[in-house]
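Visitor: Okay, handing you the structure first.
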Amino acid sequence: TEQGLRIDGKAAAAELLEQVKEDVQAVVKHGVLPTLAVILVGDDPASDVYVRNKVRAAENVGIRSLEYRLPASTSEAELLQRVKDLNADASVHGILVQMPVPKHISEAAVIQAIDPRKDVDGFHKENVGALSQGQDTLVPCTPAGCMLLLRKVLGQDGLRGLHAVVVGRSNIVGKPMAALLLQADCSVTVLHSRSKDASALCRQADIVIAAVGRPAIIGADWIKPGAVVIDVGINRISTLEGKTRLVGDVDYDAVAPIARAITPVPGGVGPMTIAGLMANTVKAARMQAG
Ligand code: GUN
């Protein structure tokens, strides 16, 4: 049988970044330098890599970035004050606090402190509400990236009427993903750890979005032949040789032969997330310029 199409997220992200670069230049011509502030509290190694990649991507498209690395001992009040200062700074268009934050800091308090117009993660209640009502707003980067990949495979209007199953219900991915798919006229099912007969429900999907954070739990028995599979999972596992390896939530080798198209890990959704963040930063700069 024919192998499913391997969706090249790196190439799609490079294309999007090229577009963003042009948009940045257009905004700069109007005298505005799009600027992203990234805050990292503590020294989680994975977060450190993510923050470095975000700052580097910004540099590559001409977005100015400000990096704030705060010690793990930073109090919630100190972090909120930093956010407020950046809210008040008109030269800053996007504010991102890398999650997770240390346990003594409330994630929700930090997110709600960010000016919604600078909320390039799309996590603020105001943006979440706007998305659920189908308004044009700052949308979480990973789901936005997944939508771009789906439209690449299926065509701009090719999602209409299809059954999409989202596996996972996080605020960062699952819930906004469901909202975007609904907006694209899909019939949407959201599955989660308490779902009964999850694999049987998933097997009815034309589109599967895997966002649970468990290595390779979605096997071939979850997938209808010909389905399009988007794997959001990034799981670090140890190999027999004592090394670590990145795998998705989908058992790629088992699913690829029956899928119409599938994203690999790494090289699928991951690069799209960062490109989406850059796109949101320029969008925020444009909105604030009026
Ligand atoms: N940690 C993991 N994913 C994300 C994300 O999309 N945004 C932020 N701020 N932190 C994260």
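Derivation of every value follows stated rules applied to the coordinates shown; laboratory data play no part. Treat the numbers as computed from the prediction; the structure is a model and nothing was measured. We place every Cβ from the backbone using ideal geometry, glycine too, and count neighbours over all the protein chains shown.
Visitor: Filter segment 103-157 down to the residues that are buried (at least 19 other Cβ atoms within 10 Å of the Cβ) and hydroxyl-bearing (S, T, Y), then identify the one that is farthest from G4 (Cα to Cα).
Guide: T137
Visitor: Would you check if Q112 is more than 12 Å from the ligand (Cβ to nearest atom) and in contact with a helix residue (DSSP H, G or I) (Cβ under 8 Å, 6 or more places away or on another chain)?
Guide: Numbers: more than 12 Å from the ligand (Cβ to nearest atom): yes; in contact with a helix residue (DSSP H, G or I) (Cβ under 8 Å, 6 or more places away or on another chain): yes.
Yes.
Visitor: Residue check, T137 against (1) over 20 Å from G267 (Cβ atoms); (2) assigned to a helix (DSSP H, G or I); (3) under 17 Å from the mean Cα position of the chain (by Cα); (4) not hydrophobic (A, V, I, L, M, F, W, C), all met but one. Which one?
Guide: So the condition that T137 fails would be (2).
Visitor: Given segment 190-290, what strands (runs of 3 or more DSSP E) lie entirely inside it while holding 3 or more residues that are surrounded by 24 or more Cβ atoms within 10 Å (Cβ to Cβ)?
Guide: Details: elements: 207-210, 228-231, 235-238, 244-247.
In segment 190-290, 207-210, 228-231 are the strands (runs of 3 or more DSSP E) which contain 3 or more residues that are surrounded by 24 or more Cβ atoms within 10 Å (Cβ to Cβ).
Visitor: Right, another one. Just name the residue that is nearest to the ligand (Cβ to nearest atom) out of those in segment 144-164 that are touching a strand residue (DSSP E or B) at 6+ places or on another chain (Cβ under 8 Å) and in a helix (DSSP H, G or I). Break it down stepwise before answering.
Guide: Looking only at segment 144-164, we keep the residues that are touching a strand residue (DSSP E or B) at 6+ places or on another chain (Cβ under 8 Å), and these are 146, 149-150, 153-154, 159, 161-164.
Then keep just the ones that are in a helix (DSSP H, G or I); that gives 146, 149-150, 153-154.
Details: C146: 12, L149: 16, L150: 19, V153: 23, L154: 24 Å.
In this case the residue turns out to be C146.
Visitor: I would also like to ask the following. Say we look at segment 81-118 and pick out the residues that are in a loop (DSSP other than H, G, I, E, B) and acidic (D, E); which of these is farthest from A284 (Cα to Cα)?
Guide: Going through segment 81-118, the residues in a loop (DSSP other than H, G, I, E, B) turn out to be 89-93, 98-106, 114-115.
Now narrow it down to the ones that are acidic (D, E): 89, 115.
Values: D89: 14, D115: 11 Å.
In this case the residue turns out to be D89.
Visitor: Can you find even one residue in segment 171-189 that is buried (at least 24 other Cβ atoms within 10 Å of the Cβ) and part of a strand (DSSP E or B)?
Guide: No, because not a single residue in segment 171-189 is buried (at least 24 other Cβ atoms within 10 Å of the Cβ) and part of a strand (DSSP E or B).
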